[in-house]
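The values are calculated or read from the model by the stated rules, or taken from the named source; none is laboratory data. Everything numeric here is computed off the predicted structure, so don't read it as measured data. Virtual Cβ from ideal backbone geometry, glycine too; neighbours counted across all protein chains shown.
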Amino acid sequence: MDRLVRTTLSVPTELLEATDRAVQQGHACSRNEFVAIALRHELAA
């Protein structure tokens, strides 16, 4: 398992709401997982 580091992000309200909807729809288990997936996807591009 990857070592985790706690950090804080400030994001626009609409992005956080969209993240919460994606988590509720099962795209990730949590906000943390969703952000990690998004970062990996963006960095691989």
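Structure above, values below:
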{"read-out": "Near pairs, Cβ below 7 angstrom, 6+ apart or cross-chain, from segment 34-45 (surrounded by 10 or more Cβ atoms within 10 Å (Cβ to Cβ)) to any residue that is part of a helix (DSSP H, G or I)", "value": "Phe34/Thr19; Phe34/Ala22; Phe34/Val23"}
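Each row is one residue, and each column tells you yes or no for (1) assigned to a loop (DSSP other than H, G, I, E, B); (2) at pLDDT below 95.
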residue: Arg3; (1), (2): yes, yes
residue: Ser10; (1), (2): yes, no
residue: Glu14; (1), (2): no, no
residue: Glu17; (1), (2): no, no
residue: Val23; (1), (2): no, no
residue: His27; (1), (2): yes, no
residue: Glu33; (1), (2): no, no
residue: Ile37; (1), (2): no, no
residue: Arg40; (1), (2): no, no
